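I have placed the structure first, in the form of structure tokens, so that the comments after it can refer back to it.
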Amino acid sequence: MTSIGATVKEPGSSKHNKTGSWRTFKPILDKEKCIDCENCFLFCPEGCINKEYDIDYDYCKGCGICAEECPVKAIKMERE
Amino acid sequence: MEIPEEEFLAPGHRGCAGCGATVGVRLALKMLGKNTVAVSATGCLEVITTPYPETSWKIPWIHVAFENAAAVASGVERALKSQGKDDVNVVTFAGDGGTADIGLQALSGAMERGHNLIYICYDNEAYMNTGVQRSGATPYGASTTTSPHGKESFGEDKPKKNIPMIMAAHGVPYVATASISYPEDFMKKVKKAKEVDGPAYIHLHQPCTTGWGFDPSQTIELGRLAVETGSWILYEIEEGEFKITYRPMQRKPVNTYLESQKRFKHLKEEEKDRIQEYVDQVCAELKI
Ligand SMILES: Cc1ncc(C[n+]2csc(CCOP(=O)(O)OP(=O)(O)O)c2C)c(N)n1
Ligand code: SF4
Ligand code: SF4
Ligand code: SF4
Ligand SMILES: [Mg+2]
């Protein structure tokens, strides 16, 4: 079959681009304080916080949304 | 509501830190699941998620041009149908420029023909990908590179084009507005849109850190302020029945929303008053 245009055959391959290098501030999450509200998981633009609330620093761009949206201030932004 | 953990948009995309568009797509895809084909119009989302030879999409995704996302989605829907694949969701993600301006004719046609598809306009209220030019969805008073403020102008001089109501006028079975800052409300609407037989349209308000001028950490807060001030209203129209899905407890002054963004910083008191009056009028009609 001839294909017109460009085809990318590896789903999710942007994962090869580690955007963690963009970061100047790093979110540090304190699981002791966490009340399991899921805000950080829902609002992260990178989808790099899972439901155990582990942050994948390979991709976190340090936007600070998670810290801002945490109702109990369990996430602090620290300079890299 | 139980929200699936699985992500269908991979990280590594090139969106600005704090981009609201990818938040919207992540949440929508959680509701649609893996049995979904996505179509995008040209714009930020398309550019940031598919820097060749990479893609962030974990589901089949197609992009053709700026103006024809709804036509492409129509074709995909018809092709799947002719193969007997009636259980696949077809979703379009297009920007406000791609929806309110250049893609409007294709969208209107798709709505009119009654394709079984979901169209989500992610509205960041300007042409962001090309450097913040005004679109039909840019709100009154906003400064963009093609509606700049200065001696001769106070910014955009037209009100925001009401696309969801234009879609409702097509008589399609489901139309809704939503905001990335109210994820449960948005995701419930995506679920309804998925279940509807026929066209469903969702207009998703999405703050943009770069184009609006605010700190990336404030993306969600800005979306919330838009709704809490009555500047953006959350509703749905199901089979012609209009329903407000969220009412702010007490509406905040519009200025709390305006003053937190660079694009409105230049506005004088009288212009802000005019915006407040307009919002009051719309909210009074809707009893908000
Ligand atoms: C026919 C055509 N005209 C102009 C362009 C240039 N262009 C690419 S993206 C874009 C703006 C997209 O704006 P919008 O739909 O609001 O999406 P956003 O970038 O804001 O997410 C423009 C003008 C194009 N690709 N095709
Ligand atoms: S700082 Fe931003 S990118 Fe990093 S984990 Fe928090 S929300 Fe995600
Ligand atoms: S936002 Fe805060 S409280 Fe909520 S899940 Fe994340 S860390 Fe826990
Ligand atoms: S310009 Fe706005 S919409 Fe585009 S990637 Fe940046 S934050 Fe997202
Ligand atoms: Mg736009």
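The values are calculated or read from the model by the stated rules, or taken from the named source; none is laboratory data. No experiment lies behind these values; they were computed from the predicted model shown. Please note: Cβ atoms are built from the backbone with ideal geometry, for glycine as well, and neighbour counts cover all protein chains shown. Accessible surface is based on the protein model in full, side chains and every heavy atom, while ligands, DNA and RNA are left aside. Shrake-Rupley method; radii C 1.70, N 1.55, O 1.52, S 1.80 Å.
How much of the accessible area of the protein assembly as shown, probe 1.4 Å, is carbon plus sulfur, in whole percent?
Values: 8600 of 16490 Å².
It is 52 percent, rounded to a whole number.
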- Excluding residues fewer than 8 places away in the same chain, name every one of the lysines whose C-alpha is closer than 16 Å to that of B:LYS265. B:LYS151
- Accessible area per residue in Å² at 1.4 Å probe, computed on chain B: 41
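With respect to the cross-link table entries A:LYS73/B:LYS252; B:LYS192/B:LYS243; B:LYS243/B:LYS272; A:LYS51/B:LYS189, which display a Cα-Cα separation exceeding 19 Å? Intermediate values should be presented prior to the final figure.
On the way: A:LYS73/B:LYS252 24 Å; B:LYS192/B:LYS243 14 Å; B:LYS243/B:LYS272 28 Å; A:LYS51/B:LYS189 23 Å.
Listed pairs above 19 Å: A:LYS73/B:LYS252; B:LYS243/B:LYS272; A:LYS51/B:LYS189.
Probe radius 1.4 Å, ligands and nucleic acids left out: can you give me the accessible area buried at the B-A interface, summed over both chains, in Å² to the nearest hundred?
So the total buried area for this chain pair works out to about 2600 Å².
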- Task: Please name which of A:PHE25, A:PRO71, A:GLY47 has its Cα lying farthest along the dipole of chain A towards the positive end, using unit charges on Cβ (Lys, Arg +1; Asp, Glu -1) and the Cα centre as origin.
- Result: A:PHE25
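Please give the FRET efficiency for B:LYS34 paired with B:THR256, using the beta carbon to beta carbon distance and R0 = 45 Å, rounded to the nearest 0.05.
Details: r = 40 Å, r/R0 = 0.90.
That gives a FRET efficiency of 0.65.
Mean shadow of the range B:134-288, computed from the convex hull of its alpha carbons, in nm²?
Values: hull surface 37.5 nm².
Projected area, direction-averaged: 9.4 nm².
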- When every protein chain stays in place and a 1.4 Å probe is rolled, B:ARG274, A:ARG79 sorted by accessible area with the largest first are A:ARG79, B:ARG274
- Figure the gain on full extension for B:VAL282 and B:HIS266 (residue separation times 0.36 nm, minus the Cα-Cα span) and round it to one decimal in nm. 3.4 nm
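Tell me, what is the FRET efficiency for A:LYS76 and B:GLU5 to the nearest 0.05, using R0 = 22 angstrom and their Cβ-Cβ distance as r? List each step's numbers first, then the result.
Values: r = 24 Å, r/R0 = 1.10.
Efficiency at R0 = 22 Å is approximately 0.35.
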- Looking at the square roots a ≥ b ≥ c of the eigenvalues of the Cα gyration tensor of the protein assembly as shown, which shape do they give, rounded for a/c under 1.5, prolate if a/b is larger than b/c, or oblate? rounded
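What percent do you get for the relative contact order of chain A when only Cα pairs under 8 Å and 6+ apart count? Please report the intermediate quantities before stating the final value.
Working: 107 pairs, mean separation 32.3, N = 80.
Answer for chain A is 40 percent.
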- Item | Alpha-carbon centroids, the range B:43-119 and the range A:1-74: separation in whole Å | 25
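Rounded if a/c is under 1.5, else prolate if a/b is larger than b/c, else oblate: which is the range B:211-288, with a ≥ b ≥ c the root eigenvalues of its Cα gyration tensor?
Numbers: a/c = 2.42, a/b = 1.48, b/c = 1.63.
Cα axes put the range B:211-288 in the oblate bin.
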- Item | Most mobile of B:GLU125, B:GLU228, B:GLU112 in a GNM of chain B (Cα contacts under 10 Å) | B:GLU112
- Averaged over A:58-71, number of beta-carbon atoms from partner chains that fall within 10 Å: 5
- Query: At a probe size of 1.4 Å, how large is the accessible area of B:GLU6, to the nearest 10 Å²?
  - Reply: 110
- Query: Is the shape of chain B rounded, prolate or oblate, going by the alpha carbon gyration tensor and its root eigenvalues a ≥ b ≥ c, with a/c under 1.5 for rounded and a/b larger than b/c for prolate?
  - Reply: prolate
- Task: Under 20 Å Cα to Cα from B:LYS58, which aspartates and glutamates show up? Leave out anything in the same chain fewer than 8 places away.
- Result: A:GLU10, A:GLU46, A:ASP56, A:ASP58, B:GLU5, B:GLU6, B:GLU7, B:GLU46, B:GLU77, B:ASP87
- Message: With every protein chain left in place and a probe of 1.4 Å, what is the accessible surface of B:SER231, to the nearest 10 Å²?
- Response: 50
- Query: With every protein chain present, what accessible area does B:MET165 have (1.4 Å probe, heavy atoms only), rounded to the nearest 10 Å²?
  - Reply: 70
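Provide the percentage of antiparallel DSSP beta bridges, counting only those with both residues in chain B; round to the nearest 5.
Beta bridges within chain B, antiparallel portion: roughly 30 percent.
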- Message: Using a 7 Å offset from the Cα along the Cα-to-Cβ direction at both B:ASP157 and A:ILE35, what is the distance between the two label points in nm, to one decimal?
- Response: 5.0
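Taking the Cα centre as origin and putting +1 on Lys and Arg beta-carbons and -1 on Asp and Glu beta-carbons, what dipole magnitude results for the protein assembly as shown, to the nearest 20 debye? It would help to have the intermediate numbers written out before the result.
Working: 43 positive and 51 negative charges, 86 e Å.
Value, rounded to 20: 420 debye.
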- About the Cα centre of chain A, how large is the charge dipole given +1 on each Lys and Arg Cβ and -1 on each Asp and Glu Cβ? Please answer in debye to the nearest 20. 260
- Message: Do any residues of the range A:1-36 show a loss of at least 40 square angstrom of accessible area between the isolated chain and the full protein assembly, using a 1.4 Å probe, and if so which?
- Response: A:VAL8, A:GLY12, A:SER14, A:ASN17, A:TRP22
- Item | Equivalent ellipsoid, the range B:242-285 (semi-axes from 5 times Cα gyration tensor eigenvalues, Å) | 23, 13, 8
- Item | Cα-based Rg / Dmax (Å) for the range A:29-80 | 9.9, 27
